[in-house]
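Below you'll find the structure, written out as structure tokens, and then a few comments.
Only the coordinates and a few stated rules stand behind these numbers; no lab work does. In this text, all values refer to a predicted model and were calculated from it rather than measured experimentally. Here the Cβ positions follow ideal geometry from the backbone for every residue, glycine too, while neighbour counts run over all protein chains shown.
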Amino acid sequence: MDDKIDYKLIGNCVREERLKYNLTQEKLAESVGISASYMGLLERGERILSVETLVKLSIALNVSTDTLLKATLDSVERDTFSLQFALLTNGLDDPQKQMVLDVVKAMLPHFKLEQHNNE
């Protein structure tokens, strides 16, 4: 499976949306044109979801594809920031990395104050 996409998170979103409409896996699967057993595998993240099936699910559940992908996109975004920090601090020893972290922590209140003043 793709390392960047958490299909289990997508499956959880599909299940949550399905349950909002009180749909069974069988009913949703039928409307999307897949088997109920395959729907179960998708909801458990045990199969890779095709773009076509994702779009059909979003239409059947009356939600955007973004809604179904949100949890996994948030996860990728967090991973991206972690990677950026690791790349920026590559070559620094632990005390130097701690100094960078301390500088960022010291700056955070200023950003929060700025954001509050702009509201």
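Key figures
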quantity: Ascending count of other beta-carbon atoms within 10 Å, so fewest first, for Tyr38, Tyr7; calculated: Tyr38, Tyr7
quantity: At R0 = 41 Å, FRET efficiency that the Cβ-Cβ distance of Gln98 and Lys8 yields, to 0.05; calculated: 0.75
quantity: Förster radius 41 Å - calculated FRET efficiency between Lys70 and Lys105, Cβ distance, rounded to 0.05; calculated: 0.90
